[in-house]
1. Provide the per-residue ³J(HN,Hα) series for the stretch 35-48, in order, calculated from phi with Karplus coefficients 6.51, -1.76, 1.60 and θ = phi - 60°, each as a whole number of Hz, with x at glycine and proline positions.
2. When the Karplus curve 6.51 cos²θ - 1.76 cosθ + 1.60 is applied with θ = phi - 60°, which whole-Hz ³J(HN,Hα) does each residue of the stretch 124-135 get, with x for Gly and Pro?
3. For residue 157, which sequence-distant residues (separation of 5 or more, or a different chain) have an amide H within less than 5 Å of its own amide H, given hydrogens modelled in the peptide plane?
4. Along the charge dipole of the stretch 31-99, Cβ charges K/R +1 and D/E -1, which of 39, 92, 60 sits furthest on the positive end?
5. Assign unit charges at the C-beta atoms only (+1 for Lys and Arg, -1 for Asp and Glu), then state the dipole size of the stretch 88-159 relative to its Cα centre in Debye, rounded to the nearest 20.
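Only the coordinates and a few stated rules stand behind these numbers; no lab work does. It should be emphasised that the depicted structure is a prediction, and the values quoted were computed from it without experimental measurement. In this analysis, Cβ positions are derived from the backbone assuming ideal geometry, glycine residues included, and neighbour counts consider all displayed protein chains.
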Amino acid sequence: MNHTLLLGLIILVVFWLGSGSKSGPGRASGRPVGRASGAVDTRSERWGTSVHEAGHYRVAKQLGGRGVHGWLLPDGGEVYGRLNDGVDSAIVALAGRAAGRRISGRYGHSGHDERVARQMLRGTGVSYSQARREAERLVSTNWGAVKSDARRLYRNGRI
Ligand SMILES: [Zn+2]
């Protein structure tokens, strides 16, 4: 077995955005919510979650993520994908809040994302604030695509 290859192996990145203690690793995934008809209600929780998850989704794609998918759940949303390393994973973890901040002016809560980011950065030499700035930069330069992903997620319940 080639260990160098193993180390370079794709890291599975799993993110949750949920409300309260039910969110986080180990939680049984709920049934995805259905489609929404009509215009996007930008004041709804569904829209806020869609933008947050679209931030994870778009930045993961931008960083070469494979198999990236996301969906809405009754109490939040999830994005799954595979990335090349821990630094990219941390940046993707912080991209949800970076996206949410652009529509609400604040980061909102997502303690799970923050914990994932800190864990992924351990031993990499990249600081949390460096990763956060990079997440903000990527969300900002891809904002049009993030919004269009968010609309798709809002309408279809999945992306
Ligand atoms: Zn998140």
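1. Using θ = phi - 60°, the values come out as 7, 10, 9, x, 6, 5, 8, 6, 9, 7, 5, 4, 5, x Hz.
2. Calculated HN-Hα couplings, in order: 8, x, 9, 7, 4, 5, 5, 5, 5, 4, 5, 4 Hz.
3. Long-range HN contacts for residue 157: 36.
4. Going by the charge dipole, the pick is 39.
5. Numbers: 15 positive and 6 negative charges, 56 e Å.
With Lys and Arg at +1 and Asp and Glu at -1, about 280 debye.
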